[in-house]
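Written out below as structure tokens is the structure these notes cover.
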There are 2 protein chains.
Amino acid sequence: MAEIQGGENLLFLTDEQLRQGIEAMFFAYRGFTADPDRILATLAYGRAHHRAIHFIARSPGTTVNNLLAILGVTKQSLNRVLRTLIEDGLVISRVGSADKRERHLFLTEAGAALERKLSDAQRARMRAAYRAAGPQAVAGFRQVLEAMMDPDLRRRYHAIREDDR
Amino acid sequence: MAEIQGGENLLFLTDEQLRQGIEAMFFAYRGFTADPDRILATLAYGRAHHRAIHFIARSPGTTVNNLLAILGVTKQSLNRVLRTLIEDGLVISRVGSADKRERHLFLTEAGAALERKLSDAQRARMRAAYRAAGPQAVAGFRQVLEAMMDPDLRRRYHAIREDDR
DNA sequence: CTTGGAATGTCAACAAAGCTGACTTAATAT
DNA sequence: ATATTAAGTCAGCTTTGTTGACATTCCAAG
């Protein structure tokens with residue numbers, strides 16, 4: 001047993017195994033973004049728009065500041081994206097009732113429709129991958145991904161669902 | 001048994017589970033690139049340089065065309081990156097002996113040193129994540145990532161190691 | 001042996017999406 | 001009152017991707 005712990009069972013930590021994991025992440029992320037990217041390209045939007053739409057859909061009424069922290073970009077960068085989405089009628093920005101400095105972000109019907117379209121495409125690939133790999137593999141997949149996150153982002157990752165209150 | 005297959009065991013395919021997987025990919029990828037990005041920023045290089053260096057290190061003597069297919073960018077985009085790496089003495093481009101149209105790419109000592117530095121940082125995070133999650137989780141992680149790739153890239157992903165001949 | 005096509009490289013122009021820095025406005029908190 | 005915070009804006013810059021056009025070199029097929 002001590003043999004297994006210290007011996008061959010740590011083969012998954014060899015440099016070669018780690019390199020393969022790195023490359024797998026690289027190639028898989030390409031697949032991960034490929035389907036939404038194709039849809040976005042037809043609409044003159046990019047990945048940045050997708051991310052904003054995704055997290056607004058996920059946490060309706062979220063503030064700009066919260067979104068900034070989740071996305072990890074500057075407010076100037078996010079603002080450019082939000083401005084086009086608001087102009088195009090996909091997102092609404094409402095002044096906060098408690099704190100009127102804050103803007104709360106929501107998807108319009110059109111925004112929600114696009115979100116569904118993008119999400120459907122991305123989930124279809126995830127579903128196929130999950131189905132092909134099976135429940136146990138999926139559990140492992142999630143565990144490793146979580147362990148790869150920066151602690152701060154891991155907290156935010158968990159907080160997204162708890163925030164729905 | 002039929003119950004399990006069609007019932008609760010497919011909970012890993014609910015939209016909510018899939019969404020969580022999507023978000024996990026997003027946050028984990030940020031962690032995945034964070035450490036090399038910090039190093040690259042101090043050197044006036046970017047992720048594009050890292051990718052080129054990585055795959056040249058992985059398959060020394062690879063051709064520009066092969067690299068293009070792996071990286072999935074235009075030759076103009078790759079060329080700009082390669083040009084700076086060659087100018088800076090990190091990469092050598094050698095005219096092919098069999099086919100003199102082809103250029104074979106190699107890292108210089110300095111290039112290999114930078115590759116090691118970037119790779120060490122990235123592998124340290126992977127190693128920590130792998131260790132935290134355990135061998136079984138890692139196997140699942142790899143399975144799901146593979147299933148997410150486009151078939152073409154999946155072939156290239158496998159071919160990288162077989163190409164070392 | 002010529003010619004067509006492939007591989008490579010280069011020039012120019014452009015776009016998406018990030019960045020910094022400086023500044024305003026409004027509202028809250030101290 | 002004053003300081004701080006949330007949001008937005010303007011300007012300018014960088015990286016990394018894109019098209020399109022074109023030159024060079026070289027292999028291979030007719």
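The values are calculated or read from the model by the stated rules, or taken from the named source; none is laboratory data. What you are looking at is a predicted structure, and each value in this text was computed from that prediction instead of being measured. Positions of Cβ are backbone-derived with ideal geometry, glycine not excepted, and every protein chain shown enters the neighbour counts. The accessibility values were calculated without ligands, DNA or RNA, using every heavy atom of the protein model including side chains. Shrake-Rupley method; radii C 1.70, N 1.55, O 1.52, S 1.80 Å.
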A:Ala57 meets each of (1) within 14 Å of chain B (Cβ to nearest Cβ); (2) closer than 28 Å to A:Ala159 by Cα; (3) within 16 Å of DNA strand D (Cβ to nearest atom) with one exception, condition (3)
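In segment B:79-94, which residue that is within 8 Å of DNA strand C (Cβ to nearest atom) and closer than 27 Å to B:Arg155 by Cα is most open to solvent (accessible area, probe 1.4 Å)?
Only one residue fits best here, namely B:Asn79.
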The lone condition A:Ala121 fails out of (1) under 30 Å from B:Val138 (Cα atoms); (2) within 15 Å of DNA strand D (Cβ to nearest atom); (3) at pLDDT 95 or above; (4) surrounded by fewer than 19 Cβ atoms within 10 Å (Cβ to Cβ) is (2)
On the basis of being open to solvent by 80 Å² or more (accessible area, probe 1.4 Å), over 18 Å from A:Arg19 (Cβ atoms) and within 10 Å of DNA strand C (Cβ to nearest atom), does B:Arg38 make the cut? no
If you check every pair at least six apart or on different chains, which have Cβ atoms under 6 Å apart with a residue in segment A:76-91 that is of a type in the set (D, E, K, R) first and a residue that is at pLDDT 95 or above and not in a helix (DSSP H, G or I) second? none
Criterion: in contact (Cβ under 8 Å) with a residue 12 or more places away in the chain and of a type in the set (Gly, Ala, Ser) - qualifying residue of A:Ala128, A:Ala98, A:Ala139, A:Ala110: A:Ala110
Could you tell me how many of the residues in segment B:45-78 are open to solvent by 70 Å² or more (accessible area, probe 1.4 Å) and within 12 Å of DNA strand C (Cβ to nearest atom)? 5
Within the bounds of segment B:106-115, is there any residue that is modelled with pLDDT of 95 or more, within 14 Å of another protein chain (Cβ to nearest Cβ) and open to solvent by 60 Å² or more (accessible area, probe 1.4 Å)? no
Evaluate segment B:27-39: report whether one residue or more is at pLDDT 95 or above, more than 14 Å from chain A (Cβ to nearest Cβ) and over 21 Å from B:Met149 (Cβ atoms). yes
